[in-house]
Amino acid sequence: MQGTAKRIQKTSSLAPVKVTLRVRPTLPSERSHRAAFVRVLDSCNVSIPNPRMIAEDLTYTFDRVWDGDSQEAIFAECEEIVAGVLAGVNATIFAYGMTGAGKTFSMLGSVTSPGIVPRTVQTLLQTSQQKRLNLTLRASFLEIYNEKVFDLIAHDSITANGLDLREDANRNIYVAGISEVLVDNYPDFERTLSSAIKNRATAATKLNEHSSRSHFVTLLTATVKTPLSDGSFQTFSAKLNLIDLAGSEDNKRTGNTGLRMVESGSINKSLFVLGQCVEALNKGQMRVPYRDSKMTRLLQDSLGGKAKAMIIACVGSQEEYANDTYNTLNFAAKSKLIVNKVEVNEEIERTRKIPSRSGDEEQVDLDRNGKRERGNDSDQGAKEIKGRAKRARQGWLGEAQREPVGKGSENSGSIWSSGGGKGELPTTIREQMKDIAKTALAELIGSSGSTVPGSVANLHRYHPPRDTSLSDVTNLLETDNVRHARRPKLGKVHQENGVEELVGKRGVDGEDDIASEEGQVVRIDLGKIKQTLLLVLNSGDEAKIKKLKGIGNKRALQILEYWKENGNFHQVADLTDAGFSKPFVDTLIKSNLGLDVL
């Protein structure tokens with residue numbers, strides 16, 4: 001057969017968040033005789049009057065400052081990050097600023113002046129063609145509206161509660177159930193993007209005729225697979241988040257009421273949490289409140305995480321936006337201090353044939369390093385017994401072969417004469433081999449702590465029916481030769497009329513945790529137990545949750561955080577969505593059969 005082994009190579013480097021500033025030119029409706037509030041000093045520095053002391057200027061330094069520059073010039077600053085995606089580096093580019101400052105134009109652009117999102121896809125496809133890369137590019141489109149995540153291209157997946165944000169085994173954040181479209185040409189992508197933009201929530205306010213009422217996210221996933229000279233494959237995979245954040249709003253100035261006010265409240269809350277995350281990272285705090293908002297949860301990789309990040313801070317140049325401009329510049333300056341530990345997502349995949357001892361290919365399990373997986377203890381014991389018998393047989397054959405056997409000798413072929421057929425061992429040798437095998441098995445069981453008086457007899461294979469409860473069928477030895485197990489053994493779980501039953505065995509000295517008589521069936525209503533567990537999990541009470549067996553401080557907090565973010569658990573198995581393994585959930589149920597914490 002062919003075995004496939006994957007080796008994950010991780011290389012990391014430190015990379016500060018790249019922060020740029022785009023100053024929106026004055027609009028015709030904003031014409032005034034006053035001087036511009038924001039002054040661009042050079043390609044990296046701007047200054048504004050200090051709101052607390054007008055005679056003093058505040059100067060800010062960024063990686064790049066644009067003042068009326070073209071879309072091409074702005075995307076040129078993003079090309080390095082976009083190129084890194086093809087080399088396995090996750091990245092995020094997002095626009096931040098007040099409403100009407102030019103964020104959507106910077107990220108999406110227009111038909112005649114495309115923004116960062118369309119230019120990014122064009123660049124990835126063109127680079128793939130020029131370098132002849134085996135690129136698989138997929139795109140997803142979503143919005144975060146009133147703290148709920150919605151798919152913008154799959155209407156059938158839209159639910160009242162939206163989609164969930166989850167974390168995989170490598171601590172990468174992903175959107176569960178989001179739809180993806182394969183991107184192999186730009187015209188198709190452009191049509192899909194246009195459809196997603198139309199589905200985005202927008203509305204008119206006093207400050208912006210087409211105000212975004214949600215955060216808009218374009219998620220690109222790129223995989224580049226390259227064959228190597230030794231027959232293996234090198235795979236780079238990365239994701240790129242391109243985000244147009246909704247702008248912060250002052251309801252007095254925008255004139256928001258009713259639903260518009262609710263929307264602005266959600267927008268301002270998520271932007272406030274974003275500022276808190278930046279503040280916590282700069283101060284080196286142990287807890288960064290990523291989970292307090294869906295947007296910051298999605299940005300967790302990019303702010304203090306493993307991805308590259310670039311911020312395009314957008315401001316208006318007029319004095320009427322002085323307070324918003326001041327806040328945006330301070331946020332951008334603090335974000336510039338964040339340093340990410342960027343990792344490259346690279347896998348080396350090897351495919352090789354694994355022959356069996358007979359020369360034929362056999363199917364074996366490989367671990368992640370391409371090695372054979374170890375068998376269980378019973379397999380090891382069987383191999384040891386076979387090994388002893390084989391060595392014994394080789395010893396006898398060696399003695400026989402050392403005897404001089406000539407062509408005309410009377411001993412010629414006598415070693416096989418009593419076997420009854422070609423290639424068979426003599427009867428006496430076969431009997432001796434059986435005795436050795438039995439002795440070896442007895443020694444093996446004795447060394448593992450089992451008590452087996454006398455010799456082991458009547459070794460046999462037994463295959464119980466599928467519905468037979470687990471009892472003596474697990475014992476390959478005679479029942480008379482084996483003492484009772486010290487602890488009761490649980491059998492298979494049967495379900496009948498909604499009630500599940502566990503079959504237990506009686507322990508020594510009449511002690512029995514499950515049953516009082518040999519083979520007695522104990523009926524337990526697991527439905528009621530699970531229902532009680534659900535009441536505890538959905539109580540929101542940390543003290544009650546910690547009373548569950550197997551739940552400590554850390555696990556209780558993990559359950560509470562998931563419950564606060566996603567609402568009630570519908571079944572105990574939903575704990576897997578909160579990051580717990582299925583074996584743990586099964587153990588939790590078994591450990592709390594006598595639950596009484598309410």
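The values are calculated or read from the model by the stated rules, or taken from the named source; none is laboratory data. None of the values given here were measured: they were computed from a predicted structure. No Cβ is skipped: glycine too gets one built from the backbone with ideal geometry, and neighbour counts run over all protein chains shown.
Key figures
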| item | result |
| --- | --- |
| Where a residue in the stretch 320-340 is under 14 Å from Ala280 (Cα atoms) and its partner, wherever it lies, is among the β-branched types (Val, Ile, Thr) and assigned to a helix (DSSP H, G or I), with Cβ under 6 Å and at least six apart | Lys334/Val278; Ser335/Val278 |
| Checklist (1) surrounded by fewer than 16 Cβ atoms within 10 Å (Cβ to Cβ); (2) in a helix (DSSP H, G or I); (3) at pLDDT below 85 applied to Phe272, failing item | (3) |
| Any chance Phe580 is under 30 Å from Asp292 (Cβ atoms), among the hydrophobic types (A, V, I, L, M, F, W, C), modelled with pLDDT of 85 or more and not in a helix (DSSP H, G or I) | yes |
| Spans of strands (runs of 3 or more DSSP E) in the stretch 92-199 with at least 3 residues modelled with pLDDT of 95 or more | 135-145 |
| Residue list for the stretch 78-95, filter: without any contact (Cβ under 8 Å) to a residue 60 or more places away in the chain and over 27 Å from the mean Cα position of the chain (by Cα) | Glu79 |
| Flag if Thr328 is out of contact with any strand residue (DSSP E or B) (no Cβ under 8 Å at 6 or more places or on another chain) and either modelled with pLDDT of 90 or more or not aliphatic (A, V, I, L, M) (or both) | no |
| Complete set of residues in the stretch 67-88 that are in a loop (DSSP other than H, G, I, E, B) and more than 20 Å from Ala238 (Cα to Cα) | Gly68, Asp69, Ser70 |
| Qualifying residues in the stretch 540-577 (those that are of a type in the set (Gly, Ala, Ser) and either assigned to a helix (DSSP H, G or I) or touching a strand residue (DSSP E or B) at 6+ places or on another chain (Cβ under 9 Å) (or both)) - the one farthest from Arg166 (Cα to Cα) | Ala543 |
| Where Ala313 falls short, out of the listed (1) assigned to a strand (DSSP E or B); (2) without any contact (Cβ under 8 Å) to a residue 12 or more places away in the chain; (3) not polar (S, T, N, Q) | (2) |
| Qualifying residue in the stretch 24-36 (condition: buried (at least 20 other Cβ atoms within 10 Å of the Cβ) and over 31 Å from the mean Cα position of the chain (by Cα)) | yes |
| Number of the condition not met by Gly100 [criteria: (1) over 39 Å from the mean Cα position of the chain (by Cα); (2) surrounded by 14 or more Cβ atoms within 10 Å (Cβ to Cβ)] | (1) |
| Enumeration of residues in the stretch 40-66 that are in a loop (DSSP other than H, G, I, E, B) and within 26 Å of Thr120 (Cβ to Cβ) | Ser43, Cys44, Phe62, Asp63 |
| Residue in the stretch 106-114 that is under 27 Å from the mean Cα position of the chain (by Cα) and assigned by TED's automatic domain parsing to the domain that holds Ala87 present | no |
| Scope the stretch 40-67; condition of a type in the set (Gly, Ala, Ser) and surrounded by 12 or more Cβ atoms within 10 Å (Cβ to Cβ); matching residues | Ser43, Ser47 |
